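**Student:** Provided herewith is a single structure, encoded as structure tokens, for subsequent inquiry.
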């Protein structure tokens, strides 16, 4: 019986023109179950050509979960220089986190999405790499506004014992700020 390999589909993005940062990354990599090193060092499995990276920046480490016969992976930070974000969670030197089926990873200007597709081989796994010309991880940017300052100056929260319609804890679940902002709308319409 042939055993299928676990597959990691890895998409990479960096804002540098062309794909110079990924010039030494293979399209496909068959790897045993030792840790997979990522960094700028010549001895890494995924060599990224960016001077701000550590020689060994992070590793993907396969392991078996208790009671499972499938490979699981954790990401471990090996860089003392910078933070690595995994699914919105910041990790520092020697911190690690188990990876789920789809993972959004960012570090030193690199965006990486890792998708795990299960297989039953415990001896090896395979990585397929794709290089993106557009960002893989989108974060809405907060817009600066002085609206809150205007709301705070014009409205004050009710004192205990007064009507608390619209406050946190009400059956409607809206907060005071929503009530205060919505009470601003008629006044602004009159202007």
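**Student:** Quickly run through the range 105-117 and pick out the residues that are surrounded by fewer than 16 Cβ atoms within 10 Å (Cβ to Cβ) and closer than 23 Å to residue 28 by Cβ.
**Tutor:** Those that are surrounded by fewer than 16 Cβ atoms within 10 Å (Cβ to Cβ) and closer than 23 Å to residue 28 by Cβ: 115, 117.
**Student:** So which of 49, 28 is modelled with pLDDT under 95 and assigned by TED's automatic domain parsing to the domain that holds residue 94?
**Tutor:** On inspection, the qualifying residue turns out to be 49.
**Student:** Among strands (runs of 3 or more DSSP E) lying entirely in the range 1-78, which contain 2 or more residues that are farther than 17 Å from residue 98 by Cα?
**Tutor:** Counting at least 2 such residues, we get 6-14, 28-32.
**Student:** Is there a residue being surrounded by 15 or more Cβ atoms within 10 Å (Cβ to Cβ) and in contact (Cβ under 8 Å) with a residue 40 or more places away in the chain anywhere in the range 80-100?
**Tutor:** No, there is no match, as no residue in the range 80-100 is surrounded by 15 or more Cβ atoms within 10 Å (Cβ to Cβ) and in contact (Cβ under 8 Å) with a residue 40 or more places away in the chain.
**Student:** So, residue 122, is that one surrounded by fewer than 14 Cβ atoms within 10 Å (Cβ to Cβ), assigned by TED's automatic domain parsing to the domain that holds residue 49 and either in contact with a strand residue (DSSP E or B) (Cβ under 7 Å, 6 or more places away or on another chain) or modelled with pLDDT under 95 (or both) or not?
**Tutor:** Answer is no for this residue.
Yes/no matrix, rows are residues, columns are (1) crowded, with 20+ Cβ neighbours inside 10 Å; (2) touching a strand residue (DSSP E or B) at 6+ places or on another chain (Cβ under 8 Å); (3) within 23 Å of residue 55 (Cβ to Cβ); (4) free of Cβ contacts under 8 Å to residues at least 12 places away in the same chain:
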| residue | (1), (2), (3), (4) |
| --- | --- |
| 2 | no, no, no, yes |
| 9 | no, yes, no, no |
| 17 | no, no, no, yes |
| 20 | no, no, yes, no |
| 23 | no, no, yes, no |
| 26 | no, yes, yes, no |
| 32 | no, yes, yes, no |
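The values are calculated or read from the model by the stated rules, or taken from the named source; none is laboratory data. Only a predicted model underlies this, so the values are computations on that prediction, with no experimental measurement involved. Positions of Cβ are generated from backbone atoms using ideal geometry, with glycine treated the same way; all protein chains shown enter the neighbour counts.
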